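Only one structure is covered here, and it is reproduced in the block below.
What follows draws every value from the coordinates through simple rules; no lab data is involved. Nothing here was measured: the structure is a model prediction, and the numbers come from that model. Here Cβ is always computed from backbone atoms with ideal geometry, including for glycine, and neighbour counts include all displayed protein chains.
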Amino acid sequence: MDVEKYLIDTPLFAGISVEDIQALLKETRYQTKKYRNQETFIFQNSPCTYLYFLYQGHATAGRMNLAGKYLLVEEMYAPKVIAPAFLFNKENRYPVTVNATKVCSVLIIPGQDFLRLLQKNKQLLFNFLSIISNQVVYLSQKVKLSNISIKGKIANFILSNCEEGATVFTSGYTQQKLADLFGVARTSVARCFSEMESAGIISVKNKKITIYNKQQLKDLVE
């Protein structure tokens with residue numbers, strides 16, 4: 001399969017021609033693999049010695065905390081480099097387990113091979129550093145949200161996913177999935193939704209959420 005046509009204009013290979021991508025890959029021992037729905041292809045605490053680049057499909061990253069509870073860390077949509085900051089870390093073990101939630105296509109490159117590509121191609125190096133920088137910003141925002149209430153987390157989720165100026169959107173998350181994302185019990189999420197509805201802030205029907213008071217949502221986040 002000509003994987004190059006799927007890689008061009010992705011964040012990792014932006015600004016690099018198809019011909020140059022082909023030349024770069026020829027210098028590595030790369031593989032492409034497909035994973036079925038619900039198939040695990042990265043395990044938490046396994047050594048991070050390969051670059052995994054999800055170029056088609058959708059996956060979830062999660063981890064087990066010390067109490068044995070599953071926490072949903074991130075929804076991953078292609079194109080996506082998985083755990084880029086851990087590839088060259090001294091403690092280079094994956095912090096999460098990654099499961100395909102649709103059929104996924106993944107480019108896999110040995111870490112040392114990828115390091116040689118970074119040294120050879122400045123555009124690829126710039127792209128990789130940009131990806132890591134964006135990931136740091138994303139994680140810092142998650143840390144900030146860890147200190148707010150469950151209602152605040154729900155309000156932030158709604159505001160982040162509702163288009164500018166819109167008051168209605170359809171969530172792709174069940175209450176259980178939100179509970180996994182927030183690291184709390186589903187009953188706690190259900191209770192908060194009920195209280196927010198009773199307060200006239202939102203209404204929820206199935207996965208359709210209608211916003212009645214956006215300012216109150218913003219106040220909950222702050």
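Per residue of the range 18-28, what does 6.51 cos²θ - 1.76 cosθ + 1.60 with θ = phi - 60° give for ³J(HN,Hα)? Whole Hz please, x for Gly and Pro, Karplus curve as stated.
These are the phi-based 3J(HN,Hα) values: 4, 4, 6, 4, 4, 5, 5, 5, 4, 8, 10 Hz.
Relative to the compact globular guide of 2.2 N^0.38 Å, what is the alpha carbon radius of gyration of the range 118-222, as a ratio? Don't skip to the answer; put the middle values down first.
Details: Rg = 17.1 Å, N = 105, 2.2 N^0.38 = 12.9 Å.
Its radius of gyration relative to the 2.2 N^0.38 Å reference: 1.33.
Measure nothing but the geometry: give the 0 to 90° angle between the long axis through the Cα atoms of 186-198 and the longest principal axis through the Cα atoms of the chain, rounded to 10°.
Helix 186-198 and the main axis of the chain meet at about 50 degrees.
Amide H neighbours of residue 51 under 5 Å, counting only residues 5+ apart in sequence or on other chains, H built in-plane at 1.01 Å?
Under 5 Å from the amide H of residue 51: 109, 111.
Give the Kirkwood hydrodynamic radius (Å, one decimal) of the range 19-64, defined as one over the mean of 1/r across all pairs of different Cα atoms.
Hydrodynamic radius (Kirkwood, Cα only) of the range 19-64 equals 13.1 Å.
Pull out a ≥ b ≥ c, the square roots of the eigenvalues of the alpha-carbon gyration tensor of the range 155-209, then state rounded if a/c is under 1.5, prolate if not and a/b is larger than b/c, and oblate in the remaining case.
oblate
Short version: what are the Cα gyration tensor semi-axes of the range 64-144, square root of 5 times each eigenvalue, largest first, in whole Å?
The answer is 24, 16, 14 Å, longest axis first.
Let me understand the range 4-145 better: what is its radius of gyration from the alpha carbons, and its Dmax, in angstrom?
Taking only Cα atoms of the range 4-145, I get Rg and Dmax of 15.0, 50 Å.
For residue 56, what residues show an amide H to amide H distance below 5 Å, using hydrogens built from the backbone and excluding near sequence neighbours?
Distant-sequence amide H within range of residue 56: 105.
Starting with the highest mean, order 30-41, 96-107 by the number of other Cβ atoms within 10 Å, averaged over the residues of each peptide.
For the peptides 30-41, 96-107, the packing ranking is 96-107, 30-41.
Pairs 69/122; 34/218; 80/208; 80/120; 33/122; 5/177: which are spaced more than 30 Å apart, C-alpha to C-alpha?
In this structure, 69/122; 34/218; 5/177 exceed 30 Å between Cα atoms.
Tell me, what is the percent relative contact order of the chain, built from C-alpha pairs under 8 Å that lie six or more residues apart?
Computed value for the chain: 21 percent relative contact order.
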